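In what follows, a single structure is set out as structure tokens and then discussed.
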Amino acid sequence: MEKIKNFKSNVSSAELSEAIISDGCAIVKEIMSPDALDVLKQELSPHLAAINVSDPDPFLGHKTKRFGALLSRCASSRDLALFPLVLEVADQILRPYCARYRINYTGIMHIEPGETKQAVHRDTGFYPIQNPAPPLTLSTMWAVTDFTEENGATRVIPGSHQWPDSRIPKPDEVKIAEMPAGSVLLYVGNMLHGGGANNSTTSRCGLNLVYALGWLRQEENQYLAVPVSEVKTFPPELQRLMGYDLGTVNLGFVDHKHPFEILNGTAGD
């Protein structure tokens, strides 16, 4: 495979989904407006300033700032979570394997100068399901800053979502997801990937929102990450995406009532 497929912001969800199903990933360039990108940066700035990196788990990075609970901390992430093109793609990639899908994880990966490359991995590695497997998750990595090979752009192995767990990628199979700020990388969670080394003098910041099949447990506990009082102010479609919905006919009920109705006080007696 020569390179990661890149699309313009007017790409159809069908064409984008076809590329992701085939290759495991694709990039849509500059899909965020400059104004929306500026607002996002402003929202993230105080949270990034408050974090001190202090030699955590090597997998998470010695010079990488991370934080989650974005739906509470960053209002712009709510718009990104409901981005129409992304949801249309999620419908086509995840819905064949579930009645509904949910937000699985929200997080910032802010790679600072001097960080080393992350080990390649699958986002679905903690689920006890052998690969190759159907797509369990769909990830979006939104470029808050430019992603370049020098500053630690995500390294991806296109096609690896179809590999058995035992196969190790060769160096020439690793591709670099370079993209300008305001772009988004979409990929299925069982595709091998990892953060790059930052050999530049500037930080590389990405916002990661992940969607998962509705019958899987969510990686990030959305019910504790966002206070219920705050969730009640969110749009209904975001409430449902967070998990205040049934996974199937009865999966996730509360006292034999619908969780969405319990949340919003409409369940009655």
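The table below gives the values:
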quantity	calculated
Of all accessible heavy-atom area on the stretch 1-151, the percent that carbon and sulfur account for (1.4 Å)	51
Cβ-defined net charge surrounding residue 192, 12 Å radius [Lys, Arg +1; Asp, Glu -1]	+2
Helix axis angle, 34-49 relative to the chain longest principal axis, alpha carbon, degrees	90
On Cα atoms only, tilt of 84-94 relative to the major axis of the chain in degrees	90
Net charge of Cβ neighbours under 15 Å - reference residue 99; Lys, Arg +1; Asp, Glu -1	+2
In Hz, Karplus ³J(HN,Hα) per residue of the stretch 101-113 (6.51, -1.76, 1.60; θ = phi - 60°; x = Gly, Pro)	10, 9, 5, 9, 7, 9, x, 9, 10, 10, 8, 8, x
Mean separation of Cα contacts under 8 Å, 6 or more apart, over the residue count of the stretch 128-254: relative contact order %	32
Neighbourhood charge, 9 Å Cβ-Cβ cut-off, centred on residue 245 and excluding it, Lys, Arg +1 and Asp, Glu -1	+3
Rounded accessible area per residue of the stretch 129-239, 1.4 Å, Å²	39
GNM result for the chain, Cα springs below 10 Å: residue of 147, 126, 234 fluctuating most strongly	126
Length-normalised contact order for the chain - Cα pairs under 8 Å, 6+ apart - percent	25
Linear extension gain, residue 10 paired with residue 117, 0.36 nm per residue minus alpha-carbon span	35.3 nm
Label-point separation, residue 224 to residue 130 (7 Å along Cα→Cβ), nm	3.3
Dipole in debye (nearest 20) - the chain, about Cα centre, beta carbon charges: Lys, Arg +1; Asp, Glu -1	280
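The values are calculated or read from the model by the stated rules, or taken from the named source; none is laboratory data. What you are looking at is a predicted structure, and each value in this text was computed from that prediction instead of being measured. All Cβ positions, even for glycine, are placed from backbone atoms using ideal geometry, and neighbour counts span all protein chains on display. These accessible areas exclude ligands, DNA and RNA; they are computed on the full protein's heavy atoms, side chains included. Shrake-Rupley method; radii C 1.70, N 1.55, O 1.52, S 1.80 Å.
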